[in-house]
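Trainee: I have a structure here, written as structure tokens, and I will follow up with some questions on it.
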Amino acid sequence: MSSTELWRLSAADLAARVRGGTPAARAAESGFEGPARAWEREVHAIAHTDAEARAANARGTKDGALAGVPILLKDNICTTEFPTTCGSRILSGYRPPYDATAVRRLRAEGAVVIGKGNMDEFAMGSSTEYSAYGPTRNPYDLARVPGGSSGGPAAAVAYGLCPIALGSDTGGSVRQPAAFCGVFGLKPTYGRISRYGLVAFGSSLDQIGIFARHAGDVALAYSVLAGPDPYDATTREGEAPDVSGWERGVGGLSFGWPENLWKEGVEPEVIAGLESAAEWLERAGARRVRFDFLPGEYGVATYYLVATAEASSNLARFDGVRYGFRHEDSADLHALYTRTRSAGFGPEVQRRILLGTYALSAGYYDAYYLTAQRARSRIRREYQDAFARCDFMLLPASPTLPFRIGEKTEDPLAMYLSDIFTIGANLAGIPGLSVPVGLSASGLPRAVQLLGPEEGEPTLLAAGRAIEMKGETSRFDRRHESEFAWPTKR
Ligand code: GLN
């Protein structure tokens, strides 16, 4: 098989070939050759890469569960050989002195890190338009966004640069871009994948998540990445749940169908996707349980207090003294801080720091932050009650199909509302999986989201696989190869 065809393989198949003798460097470079090379020029999924570092990463690799598999990392996951800039000017040129635990685990299984994926600055956003290095475009329609904040990794997996990529999900930043780019996107249970080496945004919400084109590749990457880590005190104790049964089917399982959530404000194509997925799950032997669920607005309000409060404190370390960019023209320390932060952070990040600092300030703390914490406990209970009635829930990943570039950048609230269906999982610490369900009439990816109780990853993957089998996603893969082999502008 020529290297220009290797890019089409799943991670599992690619690794098997490398273990069977195909050179790792050829497997790892396959996405940079052939069609993908043209794609990247249009899509701009990569923030940082360099051929020499990639070759060095592939050298000597022959075995492991991910032998020779190219993996793109969101630009907020630390590695030693590429810059880590979080899509921000304030970290321009910063190179971490260490690898994130997730990266160490990938390398131990033979994976080849090929670079860093573009993202909204400090993972704040839902469209990848807030990157200081320019936006990423949706490979299905270059006039539209790939979602965000992990838009680069999602788009890269969609157009075929690599079969697996890592993102981070604080309020939906893996699941929403996965939905917009027509790939699988898993946000694990809080604490299942170590956050050591993931630049913090909202520490009680952040999780590293997995993008892949196949349900089986998500399971493969999860089994390599998940587990306790002495370097991250918030990882869960004990072995991660076993996801090797991802093909076991959904016979005997029940799924929640909270139809009240899409009574208004959700595009018809999104609802059509939900209905197809529900039918396929039923045909595969699962039972639908109808109930009403807590409307997402409460989650959005709660999230934007908790996340901004935590961000205002986490981002205090970027002061021009320790990392990356420093404003040189400052007479004293105070001016150095102010000028560095004013010039280094973009407008959305500044808005979040202001909101969070305000919510935490004396006099407002009880009214905002404490109220948000109470609301968060309540939301967690609502999910627990729901999972007493079903094994997993089916709901939209996003209320809309991919929107146009520029459509929401002037209206932060409209942008915040694109997370209405994803934010709850982060507040509750539960896992969520975006599953592609074919294309809309206009040729844009459609998707559904599956939510499960803590440690419910095995169930979510089995259900995702059932949809992949029954549904149009395997057809989607064939479309991807034939019709989407070259970028088209609309
Ligand atoms: N879009 C949400 C935000 O802007 C979620 C971001 C994320 O998950 N990192 O905060």
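Trainee: Name every residue in region 300-334 that is without any contact (Cβ under 8 Å) to a residue 24 or more places away in the chain and crowded, with 16+ Cβ neighbours inside 10 Å, in order of residue number.
Mentor: Hits for region 300-334 are Asp319, Arg326, His327.
Trainee: Search region 361-376 for residues that are over 14 Å from Glu310 (Cα atoms) and modelled with pLDDT of 90 or more and pair each with any residue that is of a type outside the set (A, V, I, L, M, F, W, C) and not in a helix (DSSP H, G or I) when their beta-carbon atoms are under 7 Å apart and the residues are at least 6 apart or on different chains.
Mentor: none
Trainee: Now for a separate question. The conditions are (1) in a loop (DSSP other than H, G, I, E, B); (2) buried (at least 24 other Cβ atoms within 10 Å of the Cβ); (3) among the aliphatic types (A, V, I, L, M), and Ile90 fails exactly one of them. Which is it?
Mentor: Of the numbered conditions (1) in a loop (DSSP other than H, G, I, E, B); (2) buried (at least 24 other Cβ atoms within 10 Å of the Cβ); (3) among the aliphatic types (A, V, I, L, M), the odd one out for Ile90 is (1).
Trainee: Of (1) of a type in the set (Phe, Trp, Tyr); (2) within 15 Å of the ligand (Cβ to nearest atom); (3) farther than 25 Å from Val300 by Cβ, Tyr140 satisfies all except one. Which?
Mentor: Condition not satisfied by Tyr140: (2).
Trainee: Output yes when any residue across region 346-363 is away from the ligand (no atom under 16 Å from the Cβ), outside any loop (DSSP other than H, G, I, E, B) and closer than 20 Å to Thr84 by Cα, and no when none is.
Mentor: No: region 346-363 contains no residue that is away from the ligand (no atom under 16 Å from the Cβ), outside any loop (DSSP other than H, G, I, E, B) and closer than 20 Å to Thr84 by Cα.
Trainee: Can you work out which of the residues in region 166-189 that are under 16 Å from Tyr222 (Cα atoms) and near the ligand (Cβ under 8 Å from one of its atoms) is surrounded by the most Cβ atoms within 10 Å (Cβ to Cβ)?
Mentor: Val174
Trainee: Within region 427-463, can you find the residues that are modelled with pLDDT under 95 and at positive phi?
Mentor: Matches in region 427-463: Gly438, Gly443.
Trainee: Something else about it: Identify, please: which residue in region 279-335 is assigned to a loop (DSSP other than H, G, I, E, B) and of a type in the set (Lys, Arg) and is, among those, farthest from Asn76 (Cα to Cα)?
Mentor: That would be Arg326.
Trainee: Got at least one residue in region 37-44 being outside any loop (DSSP other than H, G, I, E, B), among the β-branched types (Val, Ile, Thr) and over 24 Å from Ala219 (Cα atoms)? Explain how you work it out, then say what you get.
Mentor: The first filter runs over region 37-44 and keeps only residues outside any loop (DSSP other than H, G, I, E, B), leaving 37-43.
Still in the running and among the β-branched types (Val, Ile, Thr): 43.
Within this subset, residues satisfying the condition of being over 24 Å from Ala219 (Cα atoms) are 43.
Yes, region 37-44 has at least one match.
For (1) more than 16 Å from the ligand (Cβ to nearest atom); (2) touching a residue at least 40 places away in the same chain (Cβ under 8 Å); (3) crowded, with 22+ Cβ neighbours inside 10 Å, each residue gets a yes or a no:
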site: Met393; (1), (2), (3): yes, yes, yes
site: Lys408; (1), (2), (3): no, yes, no
site: Tyr416; (1), (2), (3): no, yes, no
site: Pro431; (1), (2), (3): no, yes, yes
site: Val435; (1), (2), (3): yes, yes, yes
site: Leu439; (1), (2), (3): yes, yes, no
site: Pro445; (1), (2), (3): yes, yes, yes
site: Pro453; (1), (2), (3): yes, yes, no
site: Ala466; (1), (2), (3): yes, yes, yes
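Trainee: Scan region 144-163 and tell me whether some residue there is within 16 Å of the ligand (Cβ to nearest atom), over 29 Å from Leu6 (Cα atoms) and in contact (Cβ under 8 Å) with a residue 24 or more places away in the chain.
Mentor: No, there is no match, as no residue in region 144-163 is within 16 Å of the ligand (Cβ to nearest atom), over 29 Å from Leu6 (Cα atoms) and in contact (Cβ under 8 Å) with a residue 24 or more places away in the chain.
Trainee: Now, a different point. Determine which single condition Thr400 fails, assuming it passes every other condition in (1) buried (at least 17 other Cβ atoms within 10 Å of the Cβ); (2) part of a helix (DSSP H, G or I).
Mentor: (2)
Trainee: In addition: What pairs can you find where one residue is in region 29-57 and within 17 Å of Pro146 (Cα to Cα), the other is acidic (Asp, Glu), and their Cβ atoms are less than 6 Å apart, with a gap of 6+ or different chains?
Mentor: Pairs found: Ala47/Asp75.
Trainee: Here's something else I'd like to know. Would region 277-294 turn up any residue that is among the hydrophobic types (A, V, I, L, M, F, W, C), over 28 Å from Ala447 (Cα atoms) and buried (at least 19 other Cβ atoms within 10 Å of the Cβ)?
Mentor: No: zero hits.
Condition check ((1) within 16 Å of the ligand (Cβ to nearest atom); (2) among the hydrophobic types (A, V, I, L, M, F, W, C)) across all residues:
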| position | (1), (2) |
| --- | --- |
| Gly191 | no, no |
| Ser194 | no, no |
| Ala200 | yes, yes |
| Leu205 | yes, yes |
| Phe211 | yes, yes |
| Leu220 | no, yes |
| Leu225 | no, yes |
| Pro228 | no, no |
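Trainee: Go over the candidates Gly151, Gly134 one by one and state the one that is within 14 Å of Ala45 (Cβ to Cβ) and crowded, with 24+ Cβ neighbours inside 10 Å.
Mentor: Gly151
The values are calculated or read from the model by the stated rules, or taken from the named source; none is laboratory data. As the structure is a prediction and not an experimental result, all values here were calculated from the model. Neighbour counts are summed over all protein chains in view; Cβ atoms, including those assigned to glycine, are modelled from backbone coordinates with ideal geometry.
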